[in-house]
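The values are calculated or read from the model by the stated rules, or taken from the named source; none is laboratory data. Since the model is a prediction, treat every value here as computed from it, not as a measurement. Positions of Cβ are generated from backbone atoms using ideal geometry, with glycine treated the same way; all protein chains shown enter the neighbour counts. Accessible surface areas use protein heavy atoms only, side chains included; no ligands, DNA or RNA. Shrake-Rupley method; radii C 1.70, N 1.55, O 1.52, S 1.80 Å.
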Amino acid sequence: GRFTMGALEEDVMNSRDNRERTVSVQSFYMDETEISNVDWREYVHWIKRVYSTYPQVIKNALPDTLVWRSPLGYNEPFVTDYFRHPAYNDYPVVGVNWLQANDYCIWRTDRVNERLLVDKGIIEFDLAQKGADAFSTEAYLSGQYDARVKKLLPSLDPEKPEGRHVRFEDGILLPKYRLPTEAEWEFAARGGIKSMGYTYSGSNDINEVAWYLDNNEEQETQKVGQKLPNELGLFDMSGNVAEWVQDRYSVYG
């Protein structure tokens, strides 16, 4: 639907970077919580296993733990422990840049679609895949992936009686995971419209829905999903950590 996006209060600093405007947003899905450390470690583990001979690829997947260092405080335990120690498994991953976030979306798309094809008996699951032989959705759809194909779908093409690969229009594979646009994120953060019949009951009490300076028990971050969800069932859309979006608004176009 359509909603008014941008600042709800007067721009006293005249920054002009969040001006009100009406935008349209199509239906979309969003994760209930932020990506956690254990989620990202699963990704890094896969990268290390598949690209073990490509140290730069592995390095590019690692979050920057030095973001914890500050001249105003001693955060060295966070530098060494926050991403790796199991005590922080369910805390949001930090130190990830925009390019890394997009790479994670690509990896997630491939792993989900790989599992869907494995469950359908169309390809074999192979823990030994390495480098260029690793499954990718794009390679499979373009017909460049034949290494572990077990079954083909029936083909109506008389020139290909043996069958064909799954196509996107078959409804088996999922669309690409991606970062939300700025408009999508703001719509989701505002919690939707109650009259549209959503089942979650939102709250206007910031202490019930968000972690911020005065209620975070002197911790830098908190576990994901600990506060109440907003009306759309999404957690931590206010407070905790900053989140990447696909694009940004600029008065310069």
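Projecting the Cα positions of F235, Y54, W40 onto the charge dipole of the chain (unit charges on Cβ atoms of Lys, Arg, Asp and Glu, taken about the Cα centre) puts Y54 furthest along the positive direction.
Partner lysines whose Cα lies under 20 Å from the Cα of K227, excluding those fewer than 8 positions away in the same chain, are identified as K194. Placing unit charges on the Cβ atoms of the charged side chains and taking the dipole of the chain about its Cα centre, the candidate lying farthest along the positive direction among Y74, F187, Q26 is Q26.
For R19, the solvent-accessible surface with a 1.4 Å probe is about 110 Å², rounded to the nearest 10.
Size estimate for the range 74-169 follows the Kirkwood approach: the inverse of mean 1/r over distinct Cα pairs works out to 16.4 Å.
Here Kirkwood radius over Cα pairs in Å was calculated from the structure, and among (1) 21.4; (2) 25.5; (3) 20.5 it sits at label (1). Solvent-accessible area of V38, all protein chains in place: 60 Å² (probe radius 1.4 Å, heavy atoms, ligands and nucleic acids excluded). For the chain, the longest principal axis of the Cα atoms and the long axis of helix 37-50 meet at an angle of about 30 degrees.
Across the range 87-164, the relative contact order, built from alpha-carbon pairs under 8 Å that are at least six residues apart, equals 23 percent.
Restricting the range 206-241 to GluC sites (Glu not before Pro) that sit in a DSSP loop and have at most 11 other Cβ atoms within 10 Å of their own Cβ leaves E217, E218.
In the chain, a dipole from Cβ-located charges (positive for Lys and Arg, negative for Asp and Glu) runs towards its positive end, and of A210, L117, Q246 it is L117 whose Cα lies farthest in that direction. By a straight-distance test (C-alpha under 29 Å), which lysines pair with K48 as possible cross-link partners, with residues fewer than eight away in the same chain excluded? Straight-distance partners of K48: K59, K120, K130, K150, K176, K223.
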